[in-house]
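All remarks here apply to the structure that follows.
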Amino acid sequence: MDQTFLFTDIEGSTTLWERFPERMRGALARHDSILRSVIERNNGSVFKTVGDSFCAVFPSVHDAVFASAAAQHEIAAESWEGIGEPIRVRMAIHSGPAESRDGDFFGQTLNRVSRILAAAHGGQIVLSMPARELLGDRLPEGAVLVDLGEHRLRDLVRPEHIFQYSEPELRQEFPLLRSLSAFAHNLPEQLTSFVGRETELAEIKHLLSRTRLLTLCGSGGSGKTRLAFQAAAEIVDRFRNGVWFIDMSVVLDAKLIAVSVATALRLREQAGQTMFETLMAFLRQKRMLLILDNCEQIVSACAELTEKLLQGCPDLRILATSREGLGIAGETTWRVPSMAIPSNQDLKSFDKVAASPSVRLFVDRAASVVAGFRLTPKNAPAIVKVCQRLDGIPLAIELAAARVKTISPDEIALRLSDRFRLLTGGSRTALPRHQTLRAAIDWSYHLLGGLEGVLFRRLSLFCGSFSLEAAESICEGGDLDSMEILDSMCRLSDKSLLILEQNEGSARYRMLETIREYAFERLLESDEVAGVQTRFMEFFLNLGQRAEREMAGPAQGEWLERLEAENENLRAALAWNAQEGDLTVGQLNLALALARFWLVRGYWEEGLACLQRVLARPELEPLAAERSRALNSCGSFACQLGKYEQASQHYQQSLAIRREANDERGTAATLNNLGIVYQHQGNHARAKPFFEEALELFRKLGQDSAVATCLTNLAAGLTANGDFAAAGRNVHEALEAFRGAGDQLGMALSLAELGHIAMSQREFASAQSYFEQGLALSRGVGEKVGVVAALQNLAELMIAQNNYEEGRVLYEESLDMARDLASARHMAAAQKALERLTQVAV
């Protein structure tokens with residue numbers, strides 16, 4: 001159902017605020033009161049105010065017109081004392097469909113009325129053709145509608161027929177509307193609406209006010225051209241000689257570039273002058289904006305012409321789009337980002353999903369091919385998945401949305417594993433490179449130099465971000481040495497095929513997933529796959545094994561973070577369906593090296609599944625030592641997941657292999673872990689002999705940190721039995737050993753046990769100090785299960801002091817984290833405690 005909207009704002013309000021900052025407060029309050037009063041008297045409802053702008057909705061266009069006229073009469077009658085000039089308010093009325101959510105309205109109708117308002121003048125009331133048609137001939141006595149004709153608005157889509165509403169005693173005469181039609185330009189009309197990108201537009205317009213050459217850089221399909229057009233349309237009034245667009249993609253001969261610019265400006269060659277000289281003479285005194293679009297295929301020629309024009313024409317500004325910068329003095333390059341995509345967390349809020357620019361684009365384009373298509377709670381998850389998988393690339397999203405003619409959003413999401421075959425069939429009138437996703441990236445790929453293309457293909461093995469060190473180690477070979485890799489990576493970044501991310505002095509690179517899949521297809525077509533995969537595995541195996549060693553000492557936090565940064569690449573190496581024996585052994589060794597990382601960071605299900613998958617390979621059966629380590633780690637993951645029977649089975653299998661091999665260190669480790677299985681189930685008596693045998697072996701071997709772990713585990717049983725003195729001796733010895741080794745994880749474990757001892761003796765202040773120190777250490781290294789346990793310890797401490805509300809908050813926080821970890825033990829503890837607290841509250 002169509003609704004009628006009235007938008008208003010004060011003309012020149014920024015200037016008024018600068019001149020009369022104090023007096024404008026009172027004036028604005030009076031303005032707001034007038035508008036709100038007349039809107040509500042005429043059956044309208046104000047649903048949004050932004051600064052001095054009002055957005056209102058009415059059940060009928062007549063109500064909106066009556067409210068507008070009444071407001072203009074009251075505003076004109078005000079004296080506006082202290083400002084020295086009347087406040088002038090422009091008003092626009094438009095009717096059409098809109099979505100309503102939580103008291104707000106969304107959709108193209110809202111965008112359209114906003115554009116109509118931007119064309120009006122202070123004191124003027126304008127109506128769109130849809131509003132005019134609904135109004136009919138029912139006008140108050142003396143009121144008139146003036147036909148202002150068709151106007152192209154600054155959204156660049158279809159022209160809008162606009163009318164001016166006037167009444168006696170209101171101003172009748174106004175300048176021409178400030179639409180595109182009032183300015184010199186050749187900006188092409190767009191067949192689709194401009195969606196989102198508000199932040200990007202604001203940044204581009206700001207940059208164009210500060211620099212004479214701005215180049216929008218981005219990969220194919222990122223929306224560079226559309227952004228340039230929209231930004232230019234919104235600032236066309238800054239350039240008295242207009243805004244002029246030149247498509248460089250059709251210029252096949254670099255020598256004809258000046259001719260192409262001159263042709264767009266409707267210049268003819270003059271006798272005795274080259275076309276460049278004619279162009280320069282014409283532009284020298286002009287205040288103008290040139291848009292040089294798609295400069296990448298003749299980037300050197302574009303750079304040369306741009307530099308000469310800017311040097312000779314002081315009031316000229318140039319907005320270029322290219323897949324790489326022009327590389328001349330004075331240039332500002334601005335990388336066009338992908339459209340913002342919702343996170344998985346945002347899926348919990350339908351409003352956040354609906355407000356996402358990429359989702360809005362998908363829905364808008366889908367609605368243009370399937371009438372009535374809209375976002376619903378049912379299709380929202382699939383649409384979000386599509387936008388995420390397509391990296392927020394506008395062209396890719398538009399091509400995906402076009403598919404709703406034949407398949408549902410859920411089916412589109414499922415088929416994106418073959419996105420290059422799915423995302424075809426763009427507009428027949430679009431440039432060929434914009435008709436399919438593959439063609440858009442082909443265009444960039446074929447502009448690469450030979451070595452750049454080789455590196456581009458090899459880098460596709462990286463599934464996440466990666467360092468220069470990793471790229472050099474893995475991609476080196478043939479004609480690519482480390483220096484060439486550095487140069488080529490810089491060029492790939494310049495050409496928008498790599499994204500450079502700086503974080504606290506650390507530089508990492510990544511490809512958009514869509515670009516990476518294309519590059520990987522190209523890699524598979526080459527004969528390089530096996531060699532690059534081997535080097536990839538070697539690099540990350542070495543990294544994982546070094547991290548495993550370092551995580552036993554003071555640098556454990558740093559190495560945990562380093563592995564976290566490489567996690568997607570590590571997953572990729574472990575997921576390959578390896579056929580080569582060496583690669584399979586490498587996967588097993590890499591998984592073993594990552595076991596502690598997975599354990600600390602809470603990747604328990606992932607670690608368990610990975611090790612079980614690798615263990616199932618028959619060629620690994622003879623590797624007894626590796627199998628025993630893998631089984632031991634499987635037991636640890638199963639134990640954390642609350643799968644105690646499965647954990648015990650894995651540990652028993654590992655223990656049997658290790659006893660047979662006379663592996664005392666491995667035997668002690670597995671015995672300790674078997675004790676933990678029983679301890680987690682509250683059976684300290686059953687756990688004790690395992691801990692004691694493990695402790696004896698570790699003391700014999702001189703393994704101080706392992707001794708400390710056993711002492712802490714034994715202390716838990718002593719505390720449960722009320723032997724606090726013995727428990728304290730154990731833990732203090734353990735804590736000193738952990739401190740000596742710089743083992744923060746071990747220190748957190750011991751501090752937690754000291755907290756339990758203190759709390760059991762009602763030494764609440766000491767207990768809180770120990771728990772908080774342990775929490776800080778666990779958070780410092782990102783040990784998620786340690787954080788959950790510490791929160792629950794603190795919660796119990798609060799409850800013991802009758803601080804039930806604080807205990808509830810801490811348990812709720814721990815429950816959220818425990819759910820993310822899938823930690824059955826901690827989830828059960830939190831749920832049970834929260835039920836208990838509910839009963840206390842009742």
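The values are calculated or read from the model by the stated rules, or taken from the named source; none is laboratory data. Note that this is a predicted model, so its numbers are computed, not measured. Methodologically, a virtual Cβ is constructed for each residue, glycine included, from the backbone with ideal geometry; neighbour enumeration extends over all protein chains shown. Keep in mind that these areas ignore ligands, DNA and RNA; they rest on the heavy atoms of the full protein, side chains included. Shrake-Rupley method; radii C 1.70, N 1.55, O 1.52, S 1.80 Å.
Can you pull out the helices (runs of 4 or more DSSP H) entirely within region 642-712 that have at least 2 residues that are β-branched (Val, Ile, Thr) and under 21 Å from Leu611 (Cβ atoms)? Give the steps one after another, and end with the answer.
Details: elements: 644-660, 664-680, 684-701.
Those helices (runs of 4 or more DSSP H) span 664-680.
For Gly553, work out the one condition from (1) exposed (fewer than 15 other Cβ atoms within 10 Å of the Cβ); (2) in a helix (DSSP H, G or I) it doesn't fulfil.
Result: Gly553 passes all but (2).
Can you go through Glu99, Glu40 and tell me which one is among the acidic types (Asp, Glu), touching a residue at least 40 places away in the same chain (Cβ under 8 Å) and surrounded by fewer than 20 Cβ atoms within 10 Å (Cβ to Cβ)? Don't jump to the end; show me each part of the working.
Numbers: Glu40 fails: touching a residue at least 40 places away in the same chain (Cβ under 8 Å).
Just a single option satisfies the conditions, and that option is Glu99.
When Asp527 is evaluated against the numbered criteria (1) open to solvent by 60 Å² or more (accessible area, probe 1.4 Å); (2) part of a helix (DSSP H, G or I), which criterion, by number, is the only one it fails?
The single condition Asp527 does not satisfy is (2).
Quickly run through region 11-68 and pick out the residues that are over 19 Å from Val113 (Cβ atoms) and of a type in the set (D, E, K, R).
Glu18, Arg19, Glu22, Arg23, Arg25, Arg30, Asp32, Glu40, Arg41
Any residue in region 385-412 that is more than 21 Å from Gly220 (Cα to Cα) and modelled with pLDDT of 80 or more sitting within a Cβ distance under 9 Å of a residue that is aromatic (Phe, Trp, Tyr) and open to solvent by 10 Å² or more (accessible area, probe 1.4 Å)? List the pairs, counting only those 6 or more apart or interchain.
From residues that are more than 21 Å from Gly220 (Cα to Cα) and modelled with pLDDT of 80 or more, the pairs are Val404/Phe373.
Looking at Glu189, is it in contact with a Lys or Arg (Cβ under 9 Å, 6 or more places away or on another chain), in a loop (DSSP other than H, G, I, E, B) and exposed (fewer than 15 other Cβ atoms within 10 Å of the Cβ)? Let's see the steps before the verdict.
Working: in contact with a Lys or Arg (Cβ under 9 Å, 6 or more places away or on another chain): yes; in a loop (DSSP other than H, G, I, E, B): yes; exposed (fewer than 15 other Cβ atoms within 10 Å of the Cβ): yes.
The answer is yes for Glu189.
Give region 434-471 a look and list any residue that's in contact with a strand residue (DSSP E or B) (Cβ under 9 Å, 6 or more places away or on another chain) and over 16 Å from Arg516 (Cβ atoms), or say none.
Answer for region 434-471, where residues must be in contact with a strand residue (DSSP E or B) (Cβ under 9 Å, 6 or more places away or on another chain) and over 16 Å from Arg516 (Cβ atoms): Leu451, Ser467, Leu468.
List the pairs whose first member sits in region 718-743 and is at positive phi, whose second member is part of a loop (DSSP other than H, G, I, E, B) and loosely packed, with under 15 Cβ neighbours inside 10 Å, and whose Cβ atoms are under 7 Å apart, counting only residues at least 6 apart or on separate chains?
Gly742/Gly553; Gly742/Pro554
Please specify each residue of region 460-511 satisfying the condition of being open to solvent by 20 Å² or more (accessible area, probe 1.4 Å) and in a strand (DSSP E or B).
Result: Gly477, Ile499, Leu500, Glu501, Gln502, Asn503, Ser506, Ala507, Arg508, Tyr509, Arg510.
Based on this model, can you work out whether Leu751 counts as open to solvent by less than 50 Å² (accessible area, probe 1.4 Å), assigned to a helix (DSSP H, G or I), modelled with pLDDT of 90 or more and touching a helix residue (DSSP H, G or I) at 6+ places or on another chain (Cβ under 7 Å)?
Values: open to solvent by less than 50 Å² (accessible area, probe 1.4 Å): yes; assigned to a helix (DSSP H, G or I): yes; modelled with pLDDT of 90 or more: yes; touching a helix residue (DSSP H, G or I) at 6+ places or on another chain (Cβ under 7 Å): yes.
Yes.
Where the second residue is of a type in the set (Gly, Ala, Ser) and at pLDDT below 85 and the first is crowded, with 20+ Cβ neighbours inside 10 Å and in a strand (DSSP E or B) and lies in region 123-152, which pairs have Cβ atoms under 7 Å and are six or more apart or on separate chains?
From residues that are crowded, with 20+ Cβ neighbours inside 10 Å and in a strand (DSSP E or B), the pairs are His151/Ser179; His151/Ser181.
Any idea which of Phe174, Phe194, Phe163 is buried (at least 18 other Cβ atoms within 10 Å of the Cβ), of a type in the set (Phe, Trp, Tyr) and part of a loop (DSSP other than H, G, I, E, B)?
Working: Phe174 fails: buried (at least 18 other Cβ atoms within 10 Å of the Cβ); Phe163 fails: part of a loop (DSSP other than H, G, I, E, B).
Going through Phe174, Phe194, Phe163 in turn, just one is buried (at least 18 other Cβ atoms within 10 Å of the Cβ), of a type in the set (Phe, Trp, Tyr) and part of a loop (DSSP other than H, G, I, E, B): Phe194.
For region 511-541: of the residues being more than 31 Å from the chain's Cα centre (by Cα) and among the polar types (S, T, N, Q), which is modelled with the lowest pLDDT?
Out of the qualifying residues, it is Ser526.
Any chance region 52-71 includes a residue that's of a type outside the set (A, V, I, L, M) and more than 23 Å from Val126 (Cβ to Cβ)? Before the answer, list the steps.
Of the residues in region 52-71, the ones of a type outside the set (A, V, I, L, M) are 52-55, 58-60, 62-63, 66, 68.
Applying the additional criterion that residues be more than 23 Å from Val126 (Cβ to Cβ) yields none.
Checked against the condition, which is being of a type outside the set (A, V, I, L, M) and more than 23 Å from Val126 (Cβ to Cβ), region 52-71 yields no hits at all.
Considering each of Phe239, Phe282, Phe245 in turn, give the residue that is farther than 21 Å from Glu189 by Cβ, modelled with pLDDT of 85 or more and among the aromatic types (Phe, Trp, Tyr).
Working: Phe239 fails: farther than 21 Å from Glu189 by Cβ; Phe245 fails: farther than 21 Å from Glu189 by Cβ.
From the options Phe239, Phe282, Phe245, the qualifying one is Phe282.
Only one of these conditions is not met by Ser338: (1) touching a strand residue (DSSP E or B) at 6+ places or on another chain (Cβ under 6 Å); (2) closer than 30 Å to Lys385 by Cα. Which number is it?
Tallying (1) touching a strand residue (DSSP E or B) at 6+ places or on another chain (Cβ under 6 Å); (2) closer than 30 Å to Lys385 by Cα, Ser338 fails exactly one: (1).
Could you tell me which residue of region 727-744 is nearest to Met759 (Cα to Cα), considering only residues that are at pLDDT 85 or above and of a type in the set (A, V, I, L, M, F, W, C)?
Among those residues, the one meeting the criterion is Ala727.
Would you check if there is a residue in region 199-209 being in contact with a Pro (Cβ under 8 Å, 6 or more places away or on another chain), in contact (Cβ under 8 Å) with a residue 12 or more places away in the chain and under 26 Å from Arg516 (Cα atoms)?
Yes, region 199-209 has at least one match.
Name the one entry in Glu564, Glu568 that is in contact (Cβ under 8 Å) with a residue 60 or more places away in the chain, open to solvent by 60 Å² or more (accessible area, probe 1.4 Å) and not aromatic (Phe, Trp, Tyr). Explain how you work it out, then say what you get.
Details: Glu564 fails: open to solvent by 60 Å² or more (accessible area, probe 1.4 Å).
Of the residues listed, the single one that is in contact (Cβ under 8 Å) with a residue 60 or more places away in the chain, open to solvent by 60 Å² or more (accessible area, probe 1.4 Å) and not aromatic (Phe, Trp, Tyr) is Glu568.
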